[in-house]
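The values are calculated or read from the model by the stated rules, or taken from the named source; none is laboratory data. Computed from a prediction, not measured in an experiment: that's the story for all the values here. Reconstructed Cβ throughout: ideal geometry from the backbone, glycine too, with neighbour counts over all protein chains shown.
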Amino acid sequence: MDLTEGTQEEKVARSKKMMLWFGVGSLIMSFSALISAFIVSSKQRRGKDWLINYDLPDAFFVSVVIILLSSLTFILAKRALKQNNRKLTTTWLLATLVLGVVFVLSQLEGFKQIIQAGYNFTGPTSNITMSYIYLIAVVHILHVIAGLICIVVVIYNHFKQKYNANNILGLELAANFWHFVDLLWLVLFLFLYFFRDII
């Protein structure tokens, strides 16, 4: 489709969606670099200070469920808005925000459990494997926080009645970013969980 076709509003919508996907593409490359560094380090340091059979904290397992639920509530919020059900939209948006915050808290609990297992991010009690896991999780949390800010903006605009069944662009962009961040954590978690068995 020609990006110059359509009304000004349609062209603006297409350009915003394209910018979002460019951003998502850059994030994919960034996390691919982190995963590649993790794999290369595991090969170079195996038999030295690399943990082969590391355990992920229980809180990380819980966080997977939480973040997937938050994607579901965002989908329900979008569906409710398309039906012009403002009250239900508000409920699901607030649920998504709460679940996002709970996800971050569960990640912090995961860090606490790693520390209790005897591994800090740096210092004499640190380990290169766990330091990578810290780094990957923290970088992801930063993007979750960015997503939470987007959700707060969407909730604010929703209360200002800027969205309706025919105008959901802002909510749709935030939802797409949130779904990406959610899927990203699932991929990262599965990688960290299964990679320990194949190195």
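Numerical summary
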| quantity | calculated |
| --- | --- |
| Test: residue in region 114-133 that is under 21 Å from Gly23 (Cβ atoms), out of contact with any Ser or Thr (no Cβ under 8 Å at 6 or more places or on another chain) and crowded, with 19+ Cβ neighbours inside 10 Å | no |
| Condition met for Ile136 (of a type outside the set (Gly, Ala, Ser), surrounded by fewer than 17 Cβ atoms within 10 Å (Cβ to Cβ), in contact (Cβ under 8 Å) with a residue 40 or more places away in the chain and part of a helix (DSSP H, G or I)) | no |
| Options Ser71, Ser32; residue that is under 24 Å from Tyr163 (Cα atoms), in a helix (DSSP H, G or I) and under 15 Å from the mean Cα position of the chain (by Cα) | Ser71 |
| Residue within region 85-100 that is closer than 18 Å to Ile141 by Cβ and hydroxyl-bearing (Ser, Thr, Tyr) present | yes |
| Close pairs from region 13-32: first farther than 17 Å from Leu186 by Cα, partner among the aliphatic types (A, V, I, L, M), Cβ under 6 Å, at least 6 apart | Ala13/Leu169; Arg14/Leu3; Leu20/Leu173 |
| Of all residues in region 38-68 being assigned to a loop (DSSP other than H, G, I, E, B) and of a type outside the set (D, E, K, R), the one that is modelled with the lowest pLDDT | Gly47 |
| All positions within region 81-104 that are among the aliphatic types (A, V, I, L, M) and either under 18 Å from Asn157 (Cβ atoms) or modelled with pLDDT under 95 (or both) | Leu81, Leu88, Leu93, Leu94, Ala95, Leu97 |
| Region 25-43 - residue that is closer than 16 Å to Tyr134 by Cβ and aliphatic (A, V, I, L, M) and, of those, surrounded by the fewest Cβ atoms within 10 Å (Cβ to Cβ) | Ala37 |
| Filter pass, Ser71 being in contact with a His (Cβ under 7 Å, 6 or more places away or on another chain), at pLDDT 95 or above and under 28 Å from Met29 (Cβ atoms) | yes |
| Matching residues, region 142-167, being over 18 Å from Val102 (Cβ atoms) and surrounded by fewer than 17 Cβ atoms within 10 Å (Cβ to Cβ) | Val153, Tyr156, Asn157, Phe159, Lys160, Gln161, Lys162, Asn164, Ala165, Asn166, Asn167 |
| Scan of region 74-107 for residues that are surrounded by fewer than 18 Cβ atoms within 10 Å (Cβ to Cβ) and either in contact with a strand residue (DSSP E or B) (Cβ under 8 Å, 6 or more places away or on another chain) or outside any helix (DSSP H, G or I) (or both), ordered by number | Gln83, Asn84, Asn85 |
| Sole exception among (1) part of a helix (DSSP H, G or I); (2) more than 20 Å from the chain's Cα centre (by Cα) for Gly110, by number | (2) |
